[in-house]
Structure formats: C-alpha cells, structure tokens
Amino acid sequence: MSGHWLTRRTGLTPTAPASDRLSKRSVLDDATRPTAPEPDPQVSFGRRGLAAGQHLIDVHDHYRDELQQVRDLLDRVAEGITAAGQARGELNRLTIRANDWTLGGACQLQCVSLTEHHTSEDDAIFPHLRASQHNLSDVLDRLDTEHHAIGALFEEIDTALIHLAQHPTDIAPISDALDLLTDTLQSHFAYEERELAGPLAQYGFFPGQV
C-alpha cells in the first residue's frame, strides 16, 4: 500500500518520512516493512470513513508537536533553565507517554482514559482491521512490534533523565536517547499513516463506524 494511491483515491495525505536522521542507531527495520495492496477499483470511501483516516493523521500531528515539546524541554535542561527532575514530570504528563504509542491512543482519545489505550488496541482496533482486511495482517504485526520497540525507548529516555539528575553536566545520554526516539517516531508515524489511513477510511476504527 503506497501513499500514492491513498492520496489519489481518498484525498488523504500521509506524512512523508523525515529525510534526515538524528541518531546513528536504529531500532526499526524500515527496508523490510510489509505493505498491503491497493483496494479494488470498485471500493469507494465515504465521508465518515475519510474522517476516520484523517483522524489518525491529525492525532499523529499532535504527537509530533508533543515530541517537539520534549526536544525543547531537553534544550531547557541543557541550558540549566529546567531541572532534570522537573523534566521527568513534564515528560510523564505528555499524551505520547501516557498512550504507550498505540493506535488505541490515536483513535479513542475522547472515550477512554489514556492508560487504557494499549488494551483497547489489542482487544478491539487491530482485531477489527484484521477481520475486515485479511491482507493487512503482516502490516499490523509489524506495527505491533514497532509499538513495543518504541515503548522500550521511553524507558531508555527515563533512565537517561535519571542519569542526568545524578550527573547534571552529562547531557549526552539523554540527547542520544531523544534523537533515537525522534527518528523512530517520525518513521513509524509515516509508515502507520501510509498503511492504515486507507483501511481506516474503508472500515473505520470499529465495526459500524463507517
């Protein structure tokens, strides 16, 4: 499934992956990511479905904004404006951390608490898409694997912030961890939008939505 058919047939525009990397490390295997085929020509997309697909992109944009807040926060720590302990508290209050970076966080912000998003994805959204579009299974498996990898990066960020609190002049571990998180999320968001905005526009986030 490519972004070309998505935009051509739905008007939805998935965000392009970042052209430059910040980190020398990587936890994603971009080159082997599976892709699903374009829907049959007779498939049409209605207003409610298109709104569901756009919602995924909009929520990712919100997360991108929050990621920039995290990077700005690190700059303030590096400049001595904000203490590392305060930075940990601010990071933990962000939606991106509370949502565990799951699709559940992207589609049910209005109706479930942030801590329930991971469960909502496992129990409802991905199974709904699997049942609706069987050739999407490999994509969903890869996205699930990437969600776990991203969760581990948040733990690395937290560990680096603890290190910074103990060693206030050593900014390198948190800078490295945040660069890797930024690269990973930008790549993951672009992939998820490219692969799921179309199926969401066709099937919705849950049965009966579209």
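The values are calculated or read from the model by the stated rules, or taken from the named source; none is laboratory data. Keep in mind that what you see is a predicted model, and the values were worked out from it rather than measured. Note that we place each Cβ from the backbone using ideal geometry, even for glycine, and neighbour counts take in every protein chain shown. Note: areas computed on protein heavy atoms with side chains; ligands, DNA, RNA excluded. Shrake-Rupley method; radii C 1.70, N 1.55, O 1.52, S 1.80 Å.
Details
- Cross-chain or 6+ apart pairs with Cβ under 6 Å, region 157-168 first and touching a residue at least 60 places away in the same chain (Cβ under 8 Å) and under 21 Å from Ser23 (Cα atoms), then open to solvent by 70 Å² or more (accessible area, probe 1.4 Å) and of a type in the set (Lys, Arg): Leu161/Arg88
- The residues in region 22-42 that are closer than 30 Å to Ile174 by Cβ and surrounded by 15 or more Cβ atoms within 10 Å (Cβ to Cβ) can be counted, and the count is 5.
- Answer from Arg76, Arg130, Arg71, Arg97 - the residue that is surrounded by fewer than 20 Cβ atoms within 10 Å (Cβ to Cβ), assigned to a helix (DSSP H, G or I), basic (Lys, Arg) and at pLDDT below 75: Arg97
- Of all residues in region 10-37, those satisfying the criterion of being without any contact (Cβ under 8 Å) to a residue 60 or more places away in the chain and either at negative phi or of a type in the set (Val, Ile, Thr) (or both) are Thr13, Ser19, Asp20, Lys24, Asp29, Ala31, Thr32.
- Top-ranked residue in region 169-196 [being in contact with a His (Cβ under 9 Å, 6 or more places away or on another chain) and over 14 Å from Asp30 (Cα atoms); ranked as surrounded by the fewest Cβ atoms within 10 Å (Cβ to Cβ)]: Asp170
- Output for region 169-209, where each listed residue is among the hydrophobic types (A, V, I, L, M, F, W, C), in contact (Cβ under 8 Å) with a residue 60 or more places away in the chain and not in a loop (DSSP other than H, G, I, E, B): Ile174, Leu178, Leu180, Leu181, Leu185, Phe189, Ala190, Leu196, Ala197, Leu200, Ala201
- Note on region 24-56: among residues that are under 18 Å from the mean Cα position of the chain (by Cα) and part of a loop (DSSP other than H, G, I, E, B), the one that is farthest from Glu146 (Cα to Cα) is Thr35.
- Residue check for Asp144: within 22 Å of Tyr203 (Cα to Cα), modelled with pLDDT of 80 or more and open to solvent by 10 Å² or more (accessible area, probe 1.4 Å): yes
- Residue among His163, His148, His188 that is under 28 Å from Thr7 (Cβ atoms) and of a type outside the set (Ser, Thr, Tyr): His188
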